[in-house]
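The structure appears below as C-alpha cells.
The values are calculated or read from the model by the stated rules, or taken from the named source; none is laboratory data. Bear in mind the structure is a predicted one, so any value in this text is a computation, not a measurement. Here the Cβ positions follow ideal geometry from the backbone for every residue, glycine too, while neighbour counts run over all protein chains shown. Remember, those area values only see protein heavy atoms, side chains included, never the ligands or the DNA or RNA. Shrake-Rupley method; radii C 1.70, N 1.55, O 1.52, S 1.80 Å.
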Amino acid sequence: MAETKTPQALVCNGKKRAQQNELNGNHDFIAIKNAMVPPSSVWEDPAAALAAARHEFGEHGGVNMSIEASAMFTVMEPENMGIPVVEPETMRRILSGELRPDRDFFTYSRHLNPTVMNLGRQMAALEGTEAAYCTASGISAISTVILQLCGSGGHVVASMTLCGGTHALLSHFLRRTCNIKTTFVDIGDLDAVKNSIVEGQTKLLFFESLANPTLAVANIPELSRIAHEKGVTVVVDNTFAPMILSPARLGADVVVHSITKFICGGGDIIAGAVCGPASLVTSMMDTQYGALLLLGPTMNAKVAHELSERIPHLGLRMKEHSRRAMAYATNIKKLGLKVIYPGLEEHPQHELLKSMANKDYGFGGILCVDMETEEKANRFMLHLQNCSQFGLMAVSLGYYETLMSCSGSTTSGEMDPEEKAVAGISPGLVRISAGYLGTFSQKWSQFEKAFYKMQESGGLFHKN
C-alpha cells in the first residue's frame, strides 16, 4: 500500500480525523467533516488547486504512487512476536463503518480502493469540490448521480442539447425502468427553465457547461440561482471544458465528467467522475442505499493510476487544444465556411463564456463546421482524412490527433430527427476536436489542401 504519512479522505486538502466524534455519521468514510477545499478567496484556479493537493508517494519511496491492484484487503493488527495477527474484531469494525479508509482501513475495492481514492482527490481539486469519486465510465457517473438524487418517480429538468447517450438515458431508459420523468428545455431560455421546475417534484437540473455538439454555453450562475431558489440540485457535465470552467465555483452542486475525453487525452481509457459535496459522494457509497456502491461501476486501480499521471499536465494540454481550435476557427471562417466556436466574437455566448472562464485556458478545444447536409459533411471529412491526413474520422474527443464526426448521425444518433432539429443539430454539423500533434502550419496546410481539392471536385461548401 502507498506510503501516506498523514492518511486523509477524498478531499483535496483534508486532514486525518483523529476523533470518532468528528466523523460525519457512521458511513462518512469518504470525506471528512469540515475539511473543505480552500475558500473562494484562496482557490485560484484548477492548476493551483492541483499543485496544492496531497501528493501520494510509492510504497518504497517512489515519486509516483504505487498501484493498489488488490480486489480485497487483509486486516493486520500490530505484530505479536514478529508475526502479524489477523483480528476478526477489526474486520467487524471495518465492515460496520467504525474503522474507515481515512485511517487506511480497506476491505474490498468495489467499496473503496486507495489508488482510485487518490484520483478522486485530484478530481476534487480540479473541480474545486469537497469530494469526488471515479467510475468506470462517464455515463455511469451521470446515471448513478441521477438515481441517487432522484429515486423512483422523480422529475428532472434537462437541457434539450445533450450528448446522445445522456439524452437516451433521460428520455427512455430512466423513464421506463424507474419512472423518472424528464422535461427538456432550451437551457439558454432562463424563463423556460424556471417554468419547467415543479416545486416539490423536480429533484435536479441537468445540463452541459458547453453543449455537445452545438457548443451553446450555459449560464451556470443564473441557472444555479434559479434552481436553488426552488430547492433543486444542479448537476453539470463539464466534459467539454475541464480547467476552462469550474461549475462548482460558479454555483453548481455536482460536476460530472467523462474522463475518457480531454482528461485522459490518449483515447485509450473509458472512465468517469462524480465531483460534489462530501455528503453526496458518501451517500453514493452507502452499503444499503448508495448507487455507486450497489450498482458497481467500479474503476480499475490500474486505470486510476494511469489517469492520475495524466492530470498534472492537463492544463498544458487544454491550453494547446484551445489555441489550436481558436486558430482553426479563425482561418476556416476566412475560407467562407460556417464555423461555430465560442472563442469567436460573433458566437452568441462569447462574452458569457469569457466572464465565467478561468484565466488563460482559452475557449475550449472543440469547434464545429456546418456543412448543412450529411452528404457534404461526410465528403468534407473524407477529404480531410484521406486526401491530406488533417485528422481522423472518429467519435469521441480530447485526443492528441484531430478527430472529426458528423454529430447528427454519430454522437447524437440516439435522438430522432425532430429532437435534433429542436436542439439545433444540423444534419451536416461536423464536430472537430482540435488535436495538437504536429505544427499548426503543417496541419493548416493539410486542411487547405483538402478544402481546395473538394472545392475543385464540386464546390460543395456553404458560404457565409
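Some notes on this structure:
- Verdict on residue 392 being open to solvent by 50 Å² or more (accessible area, probe 1.4 Å) and among the aliphatic types (A, V, I, L, M): yes
- Looking across the stretch 156-168, the residues that are open to solvent by less than 20 Å² (accessible area, probe 1.4 Å) and closer than 23 Å to residue 200 by Cα come down to 156, 157, 158, 159.
- When residue 375 is tested against (1) outside any strand (DSSP E or B); (2) of a type outside the set (S, T, N, Q); (3) buried (at least 17 other Cβ atoms within 10 Å of the Cβ), just one condition goes unmet, and that condition is (3).
- Subset of the stretch 351-360 (residues that are open to solvent by 10 Å² or more (accessible area, probe 1.4 Å) and either in a loop (DSSP other than H, G, I, E, B) or not polar (S, T, N, Q) (or both)): 351, 352, 354, 356, 357, 358, 359, 360
- Verdict on residue 183 being open to solvent by 10 Å² or more (accessible area, probe 1.4 Å), over 23 Å from residue 215 (Cα atoms) and over 21 Å from the mean Cα position of the chain (by Cα): no
- Top-ranked residue of the stretch 210-240 - restricted to ones that are of a type in the set (S, T, N, Q) and not in a loop (DSSP other than H, G, I, E, B), ranked as nearest to residue 366 (Cα to Cα): 224
- Annotation note: of 26, 21, the sole residue that is modelled with pLDDT under 80, of a type outside the set (Val, Ile, Thr) and not in a loop (DSSP other than H, G, I, E, B) is 21.
- Residue match in the stretch 413-427 (condition: under 23 Å from residue 165 (Cβ atoms), in a loop (DSSP other than H, G, I, E, B), at pLDDT 95 or above and open to solvent by less than 50 Å² (accessible area, probe 1.4 Å)): no
- Count - residues of the stretch 198-209 that are more than 16 Å from residue 153 (Cβ to Cβ) and either among the aliphatic types (A, V, I, L, M) or not in a strand (DSSP E or B) (or both): 2
- Residue within the stretch 188-204 that is open to solvent by less than 10 Å² (accessible area, probe 1.4 Å) and touching a Ser or Thr at 6+ places or on another chain (Cβ under 6 Å) present: yes
- For the stretch 47-59, a residue qualifies if it is touching a residue at least 40 places away in the same chain (Cβ under 8 Å) and open to solvent by 30 Å² or more (accessible area, probe 1.4 Å), and the qualifying residues are 47, 50, 52, 54, 57, 59.
- Across the stretch 268-293, the number of residues qualifying as out of contact with any helix residue (DSSP H, G or I) (no Cβ under 9 Å at 6 or more places or on another chain) and either modelled with pLDDT under 95 or closer than 24 Å to residue 396 by Cα (or both) comes to 1.
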